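Everything on this sheet refers to the single structure shown next.
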Amino acid sequence: MNFLAKIFTWWNGATIGTLLHSWRHGVEVGTDAQGNRYFRSRKKTPDGRERRWVIYDGSNDASRVPPEWHGWLHGQFDDVPESRLPPPRIWEADYTPNATGTEAAYLPQGALQRGGRRAAATGDYEAWSPDS
């Protein structure tokens, strides 16, 4: 079943085409704590840049890319992030996935999914008008 999923789905990991492209034209440079694998192209583009990409371990969600790897993917620095990471701070939170569209999504007061009721206006707001 996993083989068929690789052929027909793009939202869970990588398709066979992406894996073949990565094998032929890319060099794996590292992985992050979530198991995502990062690649760079073997050859540079005509303007002298190298292409960089990620193959997610699981669902394709850009919020799963840690900040240090995001900077590397976008060419903010050339070295692999693992060689540049400071030690983790005690106050740093662990990764939490993007909850948009799930049961765990944030729903503010007044959201239709919470009944659509919000607190009454207090009258302390005065709308701007161009005359004032």
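The values are calculated or read from the model by the stated rules, or taken from the named source; none is laboratory data. In this text, all values refer to a predicted model and were calculated from it rather than measured experimentally. Here Cβ is always computed from backbone atoms with ideal geometry, including for glycine, and neighbour counts include all displayed protein chains.
Values for this structure:
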quantity	calculated
Some residue of region 20-28 being of a type in the set (Phe, Trp, Tyr), assigned to a helix (DSSP H, G or I) and over 22 Å from residue 88 (Cβ atoms)	yes
Identity of the residue in region 47-94, assigned to a loop (DSSP other than H, G, I, E, B) and polar (S, T, N, Q), that ends up surrounded by the most Cβ atoms within 10 Å (Cβ to Cβ)	60
Hits in region 28-71 - residues which are under 16 Å from the mean Cα position of the chain (by Cα) and of a type in the set (Gly, Ala, Ser)	33, 35, 58, 59, 62, 63, 71
Residue that is modelled with the lowest pLDDT [pool: residues in region 13-29 that are exposed (fewer than 15 other Cβ atoms within 10 Å of the Cβ) and in contact with a strand residue (DSSP E or B) (Cβ under 8 Å, 6 or more places away or on another chain)]	19
Candidate set from region 86-132 (those that are polar (S, T, N, Q) and modelled with pLDDT of 80 or more); member that is nearest to residue 63 (Cα to Cα)	98
